[in-house]
Every structure is written in structure tokens, then in C-alpha cells.
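Reading through the C-alpha cells given below for one structure.
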Amino acid sequence: MTEIKHFYETFHPEHYDVYIDINRGTKTFSGTTKINGDAVEKTVLINQKYLNIKSVEADGETVPFKVDDENEGIQIELEKTGDTTLTITYDAKLTDTMMGIYPSYYEVNGEKKQLIGTQFETTFARQAFPCVDEPEAKAKFDLALKFDEQPGETVLANMPEIRNEDGVHYFDTTVRMSTYLIAFAFGDMQYKKTKTKSGVEVGVFATKAHKAKELDFTLDIAKRAIEFYEDFYQTPYPLPHSWQLALPDFSAGAMENWGLVTYREAYLLVDPDNTSIDTKMLVATVVTHELAHQWFGDLVTMKWWDDLWLNESFANMMEYVAVDALEPNWHVWEMFQTSDVPAALQRDATDGVQSVHVEVQDPAEIDSIFDSAIVYAKGARMLVMVRALLGDDNLRKGLKLYFEAHKYGNAKGSDLWDALGEASGMDVGKIMNSWLEQPGYPVVSASVVDGKLTLSQQQFFVGQGKEIGRQWQIPLNSNYDAAPTIMADKTIELGDYEKLRQENGKPFRLNVGNNSHFIVKYDETLQKDIFDNIDTVDTISQLGLLQNLRLLADAREISYADVVPMLKGFSESTSSTVTSAMYSIANNLKKFVKPNSDEEKALQAFFNKLSEKQVARLGWEPKANESIDDQLTRPYVLNAALYAKNADAIEQAHKLFEANKSDLASLPADIRLLVVRNEVKNYGSEELVNNLFKDYKETSDPSYKADLSVAIPSTPDAKLIQEIVDKYEDADVIKPQDLRAWYRGILNNDNGQQVAWDWLRNDWSWLEDTVGGDMEFATFITVTSYAFHTPERLAEFKAFFEPKINTPGLTREITMDMSVIETKVSLVEDEKDAVNAAVKAEA
Ligand code: BES
Ligand code: ZN
């Protein structure tokens, strides 16, 4: 990788005066930015992208400058180094890319409206004003905003407005902060506000397309989350306000701008009267994630993007720590186990995956390192291991030291390890670097060798992988004291197995609680012992055991055919965690059958067996005062019954549809998707699909909208499928931010896969122009690889993507996904007969 010069090496900004004048009518803006700071070199480099630079002055004198579009900068020639004030004037266009300053589009009562907002992470502040757009270049900002203002409009920024003069809104000086965290927004808004115990003003803002009550849930969570963090971090929230703003157009999920957090509407607005418990948990974790960043990321920021994990891994762990403290009855760590944990284990098993800490230089590559399964999920698991080793007291003590030492500044990974080490007396870095710097994770084989209980570690791969002798420092979390806390060696012996078994009086287990990032392969004796006593195992550990089996089967260490007969034993669990893990294996069997084949029929019959008792127990409609587990289990088992084509289930869903036809949004949110999808699949017509599309366009309920984006593409009708794909590029119907769900929907539809895949290949350059440069872009490739498992599709995938392998930001994704499909193709080829025979025997 070529070394790219950081602009910060040439200029250290101290203070910015940013004046921006925006015209929505002409979709243009103009601005003047004054940057005071220290010129380290006589040639200084300031970032800009798509700005038309009109003049540059240094200390009031015009100076020569050159716009360098390739490096997204301006090169300015100064007479001297040292204290300098640069004044840059420019104009630019507002674009619809959801980066920089951009409009969000929405309708209220049929009237088209827009709201202007910003998205500056990772490198888009430079599209709004000239700046040294690197996380290390912290400075204070005075923002002044003017726009074609209408009466009654609301204007928001990181800091409160201090005056309004001649239509210009002036905001209070910020604290010292990074450019990627600057934000502002304006338009016609509604809001609700409250105050934390310590006096921080908390607010939730949204367009007027929503009902006022949709703001309540997050207002409460946000307030309590700030109070929780102030206590947990032992460090006050340093700004006067914390605004949460929902933007109709939003590329990521949410963004932690300091004092003005922005969200997708689906992640902030909750109908208190009809929202499923898992959506509530999800929204709560998004809010607590972004608010965790107000300290981790905003107050202390990574020095460079290679330490992105300091932001994201940490926020990803803290979102669960916080929600668990605020709503202990939700058992939110179970959600971590059913979402983040399998994602991390799956992706991190593919050779070529990035490590959590990852070198990055080129701005075009920065977005591609936000691999959610690694930097978020694996990174969070890594920190969960740290938390378990240190305990909360030491963790909090260490964090307090870390914030004290680096507040309003920057840090590297080693700074965090040092602070935690100082608090705990442990060499945290030594243990954690094996997880941070190395890609992949180990499988620990536990076996009885010559009567001795023996453990050995080896890197775990699904598919081809180069064994290069990597080793990890593994927190074993065993239920036998004979096992050490940390396994650092390749192989260890714990002693005489029979004796240990007797002393302990229970089956030997590792990774109890499933909080360490490794899997276990037990030998036959040990495995049988565990599964014979499965009722004594806690539910998260049961999920861990099932996850082990699935991964080992994917890696060909065991056969899916041997796993199939084990599933029934878990089918009546009242734990949604266990149910989720069981169905994640069952759903993996779908790739072994062809559409409309006898094998598919047998698999459907098997799904019927797995689900029928639970369907009878839970029924279709939520019961008053039922447990959260029951609420969460119901959609899994009903989904299985519908896949099984259970006639009664299809009929029941149809009846629910009929009864709620005039107001589908009011169907119970937990089952709404299943009901509507069943109707589209089994009772569908052009009229139905058109009506649902109309609802999709008109509804302001983000969770109903999400349901429709999954239900509509499930139509079996070829003509309707084509009509749906024809809408992909019509942003008036499908916003680019939601397109991936629609693409995936048709791709996973047996009758639609060809059409969706043809669309992707034919319109790739449109897609690149529309969502390229976005962190989500590469995931269009990921979802494609998840859908493919035949030799024909593998060949087509390679033919299309191999020539694109050097596209900045796509190299790793393309390489890994080719391997992902290849692995599945040979798995299906080699094992389909045995697996289908096993399914038939169970069905
Ligand atoms: N900082 C990110 C958002 C982001 C990521 C912006 C990459 C630009 C590039 C934010 O804190 C985040 O992690 N958002 C998540 C949602 C979160 C709750 C997991 C996202 O957008 O997916
Ligand atoms: Zn984040």
C-alpha cells in the first residue's frame, strides 16, 4: 500500500468559522470558511470535494492555490509557516447521495416536502466546507447558517443557536472535535424534549409525517441512556443538549454526530401501540449505540481510521451493556447471541477476512473497513471477553482513566489497553492483541486421549484456508476448575478424564455462556455426555452448542446429515434463543433441495414436524401477559409452518389478512410480515401487489414499510416480479437506502432470482453511481453470495465480479464471496444425498 500523506501533517487547525448559505430551490449552496491554525509546512493541504473554490486568502492576502481533485484537496502556497488564518470562499451543488449536505424527501398529506441534513462520516465534511478532514485534526467550530427559510422551520446543529441576525443562524462554539462529527439540519419538524438528572436537554425530532406518539419511546431511552453513561463512564456528558433526529433519507443506520445524532426513521420512531418487542430492542440498542459514541468516538476519537474499532467495537458492546441495565427483563444479551455472534463466527471463518484492527490509507478504502461482522460484532465480542476478564469495576476505573487522559483528543488502541491495564493490573494488550491483530478465530478440540482430557487450538476455516500456525490467548470459560482461565498454548492436558468427570459430577464444557470468540469440537464421548444432559445446560450455552454444530458442518468437520436428527430435541424449547439457533440450522438445509422437488417436500414435512407443537402452543395472535420468550418465539415457528406449507397455517394467516384488509398496518407487528407475505405468495394478484405498493409509498410507519419490502418481492408471478424490478431505480417509490432489501427479496425468490441477478449485472454502473461510495455498497455483493449455491451461479458470479476485483473498496468482498459460494457449491454437491436422506427419515 502506498503511503498517503495526511493533510494534518501540513496544517493543524485550531478554530473554524464556517458560514454556509443554502438554497433548496436551486439545489446550490455557497460558503466562506475561515480556518485559524498552525501551518506546519509552507505548502498546506486542505480537503475539499466537489467544491468550486473561488478564492483563498492567508491572513487577508490572496495566495496562490491549486485544486487537486484526485486527492480531494486544495494545495495552498504560503509565505511562511506558523499561525495562519485561511479564508476560503466557494460554491457547490446539493446532491442526492446522502453524503455531505443533502436533502431528504418525504410527503405529508400528499404534499412533497424536504428536510436538509448532513452526513460527514467518514470523509464527507469536505463536501460541505473546506477543512482538514481527518479525525486527528480536532478544532473548535463556529457555525453560521442561512437558507431559504420558511416561517415555522426548525434549525438544529451540534450546539444551541445563540443568535439570529438578518436571517443568519449563529450557533455556539463547539468543544474541540473532529470534522466528521459536525452536523446540522433544518426543515419543518416536530419534536419532544426532556431533561436528564444532570440537566442535559434531550430531544427527539422528526418530520410531521409521523404521529407525535412515535417520538416517546426513544425520548425515554435516550434520556436514561445518557444518565446511565454519565454514571458508568464516571464522566459527564459535555454538551448542553443531545438531539436525536430521524431523517427520511439516510444511508447508514444512525450517526453519532456530537449533540445531533441522526437516524433512519426505522431506528428512531416507534409506534408505542403496535411494535414488536424485537423492534423495540433493536431501536433501543441503536440509540444506546450512538449515545455510547458521545464518549467513545466523540470525546475521545481514534487517531486514524485503522483504529475504527475503538469507536465501533466499543459502541457495539456498550449498546447491550446499557440496554441490559435500562431494561433487564428484555435479556438483551440474548439478541447479541442470536445476531452479532453468529455473524462474527460465520464471516471470521472465511480466509481473507480483515482483522479488527486494519491498516487503511486511501480515502476510497475507509468505508470498506466498516465490516459489521468484524469491526462491530467480532470487536464487541473481543471487548466482552475483556469485560469478563476485568470485571465491571476495573473496566469502569480504566475507562475513567482513558477519558481523563484523552478527552477532546485522540487515542490509539494501545492507549485503551494501557488504561485498562493500569486499572486492573493485567497485561490486557498481551491477551487482546491476539484477537485484535489476527483475522480468524480458533476451534478448540476437546478430546480424551489415552485417558487424558486434552485441548488443542487451531484456526477454524469454512472453506479453503491457509494454516499458518496462528494461536490465540483464549478465555476458556470452562465449567471444570482444571481448565486454565486463559489457554495460550497450542495444546494442553487437563488430567485424567474419568477422575475429572467424577469430581465435577457434570459433563465437561468450554465457553460456558458463549462469550469467548471460539468454537469447540468435542470428541464423541464428550459430546454425547453433553447432549445426554442438555436439560442442565443454560439456554445461551445451548445456542452455543448448536452454533458449533452448524459451523463444524459448514466446515465439513462433521456432516449436516448427522446434525439433522439432533434438531427435534430442541424443537419444543420455550427459549427463543434456542429456537433461533435451531432454525438457523434448519434453514441452512434449504440449499440442499431444488425448488418443487420431492426433496423440498420432505424438508417441508420436516419443518412441519419441528414447528407443529409450538404453533399449537403459541397460536397466531399474541396473548395478554405472555412472556417475552413466547413473543419472540412465535414468528420463528409460524415462519417454519408457512415454509412447510401447512394448510392450517396458510388458512389462518389468510383469515387474519381478510379481517384486517382495510388497515393492514394495525395487524400485530410480530406477525404482520408473515400474514402479508402469505397473502402475496398464496392468494396474490396484481391488484393486491398494487395496493401494497400504494401502502408502501404512503405509510409513515417504518416497521410496516420494512415488512412490505420483504412481503411484496415474495410474489411467484413473473409479470409482477418484473414490475417490481422495474421500480428499483425509481427513487419516488423505492428509496436507494432501502433498495438492498428489495434486491435481496427478489434474489431469494425462486421465480425471481434470474431477474434480480440480471438487473444487478446490467445496471451495475447505475448502482455504482447511486450508492457507490456508500458503506452499504459492497453488501449488494454479500447478499448475492448468500443466495447462490450452484455451480452455474458460481461461474456467472466469477465472470461478472472477477474483472472488478481491483475496484477500491471491493477487493476483499469479491475475493471472500467467491470463496463463500465455492464452499457451498462443493458442500451441496458432496452431501446433498446424505442430507436429504436424513431429512426424509425425520420427516
Ligand atoms: N458511525 C456509524 C455510522 C457510519 C458508519 C457512518 C460508517 C459512516 C460510515 C454509527 O455509529 C453506526 O455504527 N451505525 C450503525 C448502526 C448501529 C446501531 C449498529 C449503522 O449505521 O449500521
Ligand atoms: Zn457506531
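The values are calculated or read from the model by the stated rules, or taken from the named source; none is laboratory data. All figures in this text were calculated on a predicted structure; none of them were measured in a lab. Here Cβ is always computed from backbone atoms with ideal geometry, including for glycine, and neighbour counts include all displayed protein chains. In case anyone asks, the SASA skips ligands and DNA or RNA and just uses the protein heavy atoms, side chains included. Shrake-Rupley method; radii C 1.70, N 1.55, O 1.52, S 1.80 Å.
General observations
- In this structure, residue 353 does not qualify as under 22 Å from residue 256 (Cβ atoms), more than 13 Å from the chain's Cα centre (by Cα) and either buried (at least 20 other Cβ atoms within 10 Å of the Cβ) or outside the structural domain of residue 774 (by TED's automatic domain parsing) (or both).
- For residue 583, the test of being crowded, with 20+ Cβ neighbours inside 10 Å and either touching an Asp or Glu at 6+ places or on another chain (Cβ under 6 Å) or not assigned by TED's automatic domain parsing to the domain that holds residue 474 (or both) is passed.
- Whenever a residue of region 261-281 is farther than 16 Å from residue 104 by Cα, its partners that are aromatic (Phe, Trp, Tyr), lying with C-beta atoms within less than 7 angstrom and at least six residues away or across chains, give the pairs 270/217; 272/217; 280/217; 281/330.
- Listed by first and then second residue, the pairs with beta-carbon distance under 6 Å, at least 6 apart or on different chains, first residue in region 140-152 and in contact (Cβ under 8 Å) with a residue 24 or more places away in the chain, second of a type in the set (S, T, N, Q), are 140/173; 140/174; 141/174; 142/173; 148/23.
- Residue within region 558-567 that is modelled with pLDDT of 95 or more and farther than 21 Å from residue 610 by Cα present: yes
- Taking first residues from region 467-488 that are more than 15 Å from residue 456 (Cα to Cα) and partners that are outside any loop (DSSP other than H, G, I, E, B) and open to solvent by 30 Å² or more (accessible area, probe 1.4 Å), the Cβ contacts under 7 Å between residues at least 6 apart in sequence or on separate chains come to 480/504.
- For residue 359, the conditions (1) within 16 Å of ligand 2 (Cβ to nearest atom); (2) surrounded by fewer than 22 Cβ atoms within 10 Å (Cβ to Cβ) all hold with the exception of (1).
- Evaluating residue 421 against the criteria (1) under 25 Å from residue 321 (Cα atoms); (2) over 27 Å from the mean Cα position of the chain (by Cα); (3) open to solvent by 40 Å² or more (accessible area, probe 1.4 Å); (4) without any contact (Cβ under 8 Å) to a residue 24 or more places away in the chain leaves one unmet condition, (3).
- Note on region 70-94: residues that are within 27 Å of residue 146 (Cβ to Cβ) and outside any strand (DSSP E or B) amount to 2.
- Scanning region 315-352 for residues that are farther than 30 Å from residue 467 by Cα and in contact with a strand residue (DSSP E or B) (Cβ under 8 Å, 6 or more places away or on another chain) gives 315, 318.
- Per-region count, region 444-495, residues closer than 30 Å to residue 819 by Cβ and part of a strand (DSSP E or B): 13
- Conditions (1) outside the structural domain of residue 453 (by TED's automatic domain parsing); (2) open to solvent by 10 Å² or more (accessible area, probe 1.4 Å): number failed by residue 525: (1)
- Leading residue by the ranking (least open to solvent (accessible area, probe 1.4 Å)) among those in region 781-803 that are in contact (Cβ under 8 Å) with a residue 12 or more places away in the chain and of a type in the set (D, E, K, R): 793
- Subset of region 462-486 (residues that are surrounded by fewer than 19 Cβ atoms within 10 Å (Cβ to Cβ) and either among the hydrophobic types (A, V, I, L, M, F, W, C) or not assigned by TED's automatic domain parsing to the domain that holds residue 528 (or both)): 468, 482, 486
- Checking residue 246 against (1) over 24 Å from residue 737 (Cβ atoms); (2) touching a residue at least 40 places away in the same chain (Cβ under 8 Å); (3) open to solvent by less than 40 Å² (accessible area, probe 1.4 Å), the condition it does not meet: (1)
- Among the helices (runs of 4 or more DSSP H) confined to region 291-383, the ones with at least 2 residues that are away from ligand 1 (no atom under 12 Å from the Cβ) and in contact with a helix residue (DSSP H, G or I) (Cβ under 7 Å, 6 or more places away or on another chain) are located at 308-326, 332-338, 340-347.
- Flag set for residue 286, criterion: assigned to a helix (DSSP H, G or I), within 12 Å of ligand 2 (Cβ to nearest atom) and in contact with a helix residue (DSSP H, G or I) (Cβ under 8 Å, 6 or more places away or on another chain).
- Residue check for residue 391: open to solvent by less than 40 Å² (accessible area, probe 1.4 Å), at pLDDT 95 or above, under 14 Å from residue 296 (Cβ atoms) and not hydrophobic (A, V, I, L, M, F, W, C): no
For (1) under 30 Å from residue 179 (Cβ atoms); (2) of a type in the set (A, V, I, L, M, F, W, C), each residue gets a yes or a no:
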position: 431; (1), (2): no, yes
position: 436; (1), (2): yes, yes
position: 442; (1), (2): no, no
position: 455; (1), (2): no, yes
position: 496; (1), (2): no, no
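- Counting the residues of region 487-512 that are surrounded by 16 or more Cβ atoms within 10 Å (Cβ to Cβ) and under 39 Å from the mean Cα position of the chain (by Cα) gives 8.
- Of the residues making up region 651-687, those that are open to solvent by less than 40 Å² (accessible area, probe 1.4 Å) and within 18 Å of residue 749 (Cα to Cα) are 674, 675, 676, 678, 679, 680.
- Residues (in a helix (DSSP H, G or I) and hydroxyl-bearing (Ser, Thr, Tyr)) located in region 651-695: 662, 666
- Among the residues making up region 581-601, a single one is free of Cβ contacts under 8 Å to residues at least 12 places away in the same chain, in a helix (DSSP H, G or I) and not charged (D, E, K, R): 587.
- Test set (1) over 25 Å from the mean Cα position of the chain (by Cα); (2) at pLDDT 95 or above; (3) crowded, with 16+ Cβ neighbours inside 10 Å - residue 450 fails condition number: (3)
- For beta carbons closer than 7 Å, sequence separation of 6+ or different chains, a first residue in region 490-501 that is under 18 Å from residue 444 (Cα atoms) and a second that is modelled with pLDDT of 95 or more and polar (S, T, N, Q), the qualifying pairs are 490/456; 490/457; 490/471; 491/454; 491/456; 493/454.
- Top-ranked residue of region 196-254 - restricted to ones that are of a type in the set (Phe, Trp, Tyr) and closer than 21 Å to residue 117 by Cβ, ranked as nearest to ligand 2 (Cβ to nearest atom): 250
- Of the criteria (1) farther than 24 Å from residue 801 by Cβ; (2) surrounded by fewer than 18 Cβ atoms within 10 Å (Cβ to Cβ); (3) more than 24 Å from the chain's Cα centre (by Cα), which one residue 761 fails: (1)
- Qualifying residue in region 262-279 (condition: within 16 Å of ligand 2 (Cβ to nearest atom), more than 14 Å from the chain's Cα centre (by Cα) and not small (Gly, Ala, Ser)): yes
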